[in-house]
1. So R186 ticks every box in (1) within 30 Å of F145 (Cα to Cα); (2) surrounded by fewer than 21 Cβ atoms within 10 Å (Cβ to Cβ) but one. Which box is left unticked?
2. Take R22 and tell me if it is of a type in the set (K, R) and within 20 Å of Q197 (Cα to Cα).
3. Testing V37 on (1) hydrophobic (A, V, I, L, M, F, W, C); (2) closer than 23 Å to G192 by Cβ; (3) in a strand (DSSP E or B), one condition comes back false. Which one is that?
4. Just give me the residues in region 6-34 being touching a Pro at 6+ places or on another chain (Cβ under 8 Å) and assigned to a strand (DSSP E or B), in sequence order.
5. Would you be able to say whether some residue in region 158-171 is of a type in the set (D, E) and either closer than 29 Å to Y228 by Cβ or touching a residue at least 40 places away in the same chain (Cβ under 8 Å) (or both)?
6. For residues that are closer than 30 Å to E332 by Cβ and in contact with a Lys or Arg (Cβ under 8 Å, 6 or more places away or on another chain), scanning just region 243-285, find the one that is modelled with the highest pLDDT.
7. Considering G206, G161, G219, which residue is more than 27 Å from S329 (Cβ to Cβ), outside any helix (DSSP H, G or I) and of a type outside the set (F, W, Y)?
Amino acid sequence: MRVLVMGGTLFNGYALVRELVRTGHDVTILNRGKTQVDLPRSVRRVIGDRTDHARIHELFRDEEFDCVHDMSAYHPEDVELMYDVFRGKIGHYIFASSTVIYAASDILPIDETFPVDRSEDQNEYGMHKILCEEFLFQKFRDNGFPASVAALSMVFGPHNGIPDREQRMFGRLLQGRKILIPGDGRTLGQVGHVDDQARALRMMMGQSVTFGKRYNLTGSQAFTSEGYVDVFARVLGVDADKVFIPNRIMDDMWDGEIDIAAGRMQSRIETRPSASGARTASSTRQKYHLATLVQRLAPHLHRWDRSVVFGIDRLQRDIGWQPEYTFASMVEQTYEWFVAQGLDLDSSGVVAEPIGRWPDGDVHGVDGRRHVRCRCCGSCSPIDFACRLISSSASIRCLTSCWHVRMAGSVHGSRQRASIAPHSRAQCHLTRINLRYAEAEAVRGLWRLVV
């Protein structure tokens, strides 16, 4: 088939492109050309910004495709443009939606017949996915526009654009750090492997039985929060130092009674939120940080102790797709990639990306533990403290020729903020730090668990 992928260079889209090429399809991708990625040689890359509607009309005026996979549509105007451009010129349009559209439920698994959430708790991302779906289903009913919807859920695997998920857990376990588990660890969650999902999207192409329908797309197994940690530890060959956060503390953090001063999560996925959507995301940021302790879906809708599992029977029945990965094999395959990329050698546990400046080096890493790459010798040394560095009111300089001094000291302050008085200085210069999710335990007298 002649296939267009909108996006195609990040995580889900990249896996889909590789799957399509592997199975012999003629693939074109459309994106802004900002992401450098090793694409198969047969792939044609068209450069364009989908928000420039005139340019998209011009680029595809004379193009026809058997299938269009839209992996980068986040707003109603995105799919309206695709309809205007490709009506009558494509055999199938597959829209990548999300299971974030669904309302919370005490009946599991959640299948495609369950209600979506249009309440004030829904964020712009979820609401706009709902509106995109509604537009496409209406066009299918009105004039037979061949649209299908795949609702992806918590995608797992190599090249994940959200390092605070599986890559974060790899890093914490490799560092021997405390693994904080909400409550008693019995809450159920679910992920799907990126390659399984790419295979499902490929198998949907041209299947008229899928027109006008939504399909949940995730893995076949659920896990408890503790089970998630145990599988990771077993794959890495380490013992997890598990700490179960009492329900009362989790409730206080979730409800904002304890302010953990959450910063921005790392993500290479750009959803182009509106100004109001970005403000709403900021107001729920703390819940999203807590949802990375053991990765959880849509914390703005699903409370920390609510199990969330989706049914995939409709997709299995209509196109014969079955997930090939178990949860354990997902972790194994992704960790193999993690090691092959050399990420296990960076004890911060993730790709080192600059997030700030220090007088003697650049700060790298995520997950609360910071490294400094020395400008003198180029080595990367740990700042040995489990808090996120925000700013400095004192110049903490290396006492030797470069950054090979651990920053250790006594802790000052309480509740949401604390400071360190480095023992390496004659005077007590305070370095401000932010208390993140793990450090919120200090509020309850559990500081020793996280430093």
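The values are calculated or read from the model by the stated rules, or taken from the named source; none is laboratory data. These numbers were taken from a predicted model, which means no experiment stands behind them. Quick reminder, even Gly has a Cβ in these numbers, built from the backbone with ideal geometry, and neighbours come from all protein chains shown.
1. That leaves (1) as the condition not met.
2. Yes: the conditions hold for R22.
3. With (1) hydrophobic (A, V, I, L, M, F, W, C); (2) closer than 23 Å to G192 by Cβ; (3) in a strand (DSSP E or B) applied to V37, the lone miss is (3).
4. The one that is touching a Pro at 6+ places or on another chain (Cβ under 8 Å) and assigned to a strand (DSSP E or B): V27.
5. Yes, region 158-171 contains at least one residue that is of a type in the set (D, E) and either closer than 29 Å to Y228 by Cβ or touching a residue at least 40 places away in the same chain (Cβ under 8 Å) (or both).
6. V243
7. G206
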